[in-house]
1. For Phe211, which of the numbered conditions (1) outside any strand (DSSP E or B); (2) at pLDDT below 90; (3) touching a Phe, Trp or Tyr at 6+ places or on another chain (Cβ under 6 Å); (4) open to solvent by 10 Å² or more (accessible area, probe 1.4 Å) fails to hold?
2. Which one of the conditions (1) among the aliphatic types (A, V, I, L, M); (2) open to solvent by 20 Å² or more (accessible area, probe 1.4 Å); (3) not in a loop (DSSP other than H, G, I, E, B) does Leu276 fail to meet, given that it meets all the rest?
3. Determine which member of the set Asn106, Asn81 is open to solvent by less than 30 Å² (accessible area, probe 1.4 Å) and either under 30 Å from Asp323 (Cα atoms) or modelled with pLDDT under 80 (or both).
4. Go over the candidates Ser304, Ser350 one by one and state the one that is in contact (Cβ under 8 Å) with a residue 60 or more places away in the chain, in a helix (DSSP H, G or I), farther than 29 Å from Asp16 by Cβ and open to solvent by less than 50 Å² (accessible area, probe 1.4 Å).
5. Go through the stretch 20-36 and give me each residue that's open to solvent by 60 Å² or more (accessible area, probe 1.4 Å) and in contact with a Pro (Cβ under 7 Å, 6 or more places away or on another chain).
6. Restricting to the stretch 363-380, what's the tally of residues that are open to solvent by 10 Å² or more (accessible area, probe 1.4 Å) and either at positive phi or in contact with a helix residue (DSSP H, G or I) (Cβ under 7 Å, 6 or more places away or on another chain) (or both)?
7. What is the one condition in (1) open to solvent by 20 Å² or more (accessible area, probe 1.4 Å); (2) part of a helix (DSSP H, G or I); (3) out of contact with any Phe, Trp or Tyr (no Cβ under 8 Å at 6 or more places or on another chain) that Glu384 does not satisfy?
Amino acid sequence: LTGVLDDCLCDIESIDDFNTFKIFPKIQKLQERDYFRYYKVNLKRPCPFWADDGHCSIKDCHVEPCPESKIPVGIKAGSSNKYSKAANHSKEFEDCEQANKLGAVNSTLSNQSKEAFIDWARYDDSQDHFCELDDERSPDAQYVDLLLNPERYTGYKGPSAWRVWNSIYEENCFKPRSVYRPLNPLAPSRGGLEFAGLFSSTGLCLEKRVFYKLISGLHASINLHLCANYLLEETWGKPRWGPNVKEFTRRFDPIETKGEGPRRLKNLYFLYLIELRALSKVAPYFERSVVDLYTGNGHEDAESKALLLEIFRDTKSFHMHFDEKSMFAGDKKGAKSLKEEFRLHFKNISRIMDCVGCDKCRLWGKLQTQGLGTALKILFSEKEIQNLPENSPSKGFQLTRQEIVALVNAFGRLSTSIKELQNFKVLLQQTR
């Protein structure tokens, strides 16, 4: 897998080097920080499209929620008043209470003024969301420690997994209407969210090609994680996890996949570029002093923010970024209509993640989908980000803690995928 990617002026070798030597070690370190390791998710939301009939073949499907006592005090919603100075005044306290009822507390901001609190409550950015967001106030929403629930092979397969991806590609992914290659739910399956019969993206405008590649790249990344963290054997109750070269070959080898495997992996690189671009664009949001990665531990929070800003500096130094200005650049009315279609398609895909029958697959599917949705939101909000006020939250662009955690972890997964791909190249050479 070499050479220049389609629809951008970037080559695979440059991404490999940049990821290996600059990004991967730092993003791994950042994901271990308290602010980024706890993700609140509702795994009990019913599938809005069909009756859930999924099952897993091994016990590792289960997700272990995190006890409340383990969650850092600054992350727990409503557990402490992060605007204690404002709460000293009764009027401001009432405003805070009102904002609290509206679900306005945002953990990315620490001890700031009432103005920050109320601005948040008034700002309704539902029109900017590319994802269906979980209601964090739902009794079914629970914190999950991502480090204790790693993404790996689960044995989730069969008609349920087939239906999820088939629905994503057939109903929500732009493609030439004349092409239809349905998945076969009866085909031999070895676990995980199986590959769809993918479609050629030729003949589509840039925006629709990009959309297709993002979904295909996400799919490739998820499958790479399953191959790299596979249940190799389980003896005396002690599972051994590691890379499965045979499984990797089955999913990505040109002969085994009728030429589709390398294209899937190229789409993974393309997705990496898109999310990398979003990180470089959102840097001004976090560079403001008003934004803290607030957990309640001041020393750790400062270190986490410093590391995040260091990663942003690295992303800006990359010299082959995808140019998102080439998208939606036609006539104003047509561009707006296409962007809205783009957003609604992606939002629907995020809803389909509630139909995944395996809890661990659902957790990571929802997180990575939300991370990509957040990246898209950033890319289409450049003007709003450039006009951010330094000392108070903007009314035009906001990120919730959930979006921030999803954005960083989703990109961390892509960074891991590209690193694992290098590992598989070495393993394949050794087996020849």
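The values are calculated or read from the model by the stated rules, or taken from the named source; none is laboratory data. Note that the coordinates shown come from a computational prediction; the quantities given were computed from them, not determined experimentally. Quick reminder, even Gly has a Cβ in these numbers, built from the backbone with ideal geometry, and neighbours come from all protein chains shown. Remember, those area values only see protein heavy atoms, side chains included, never the ligands or the DNA or RNA. Shrake-Rupley method; radii C 1.70, N 1.55, O 1.52, S 1.80 Å.
1. Here Phe211 meets the rest and fails (4).
2. (2)
3. Every option except Asn106 fails the conditions.
4. Ser350
5. none
6. 4
7. All conditions pass for Glu384, except number (3).
Yes or no, residue by residue, for (1) at pLDDT 55 or above; (2) open to solvent by less than 20 Å² (accessible area, probe 1.4 Å); (3) not acidic (Asp, Glu):
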{"site": "Asp134", "(1), (2), (3)": "yes, no, no"}
{"site": "Leu147", "(1), (2), (3)": "yes, no, yes"}
{"site": "Pro150", "(1), (2), (3)": "yes, no, yes"}
{"site": "Lys157", "(1), (2), (3)": "yes, no, yes"}
{"site": "Arg163", "(1), (2), (3)": "yes, no, yes"}
{"site": "Pro182", "(1), (2), (3)": "no, no, yes"}
{"site": "Pro188", "(1), (2), (3)": "no, no, yes"}
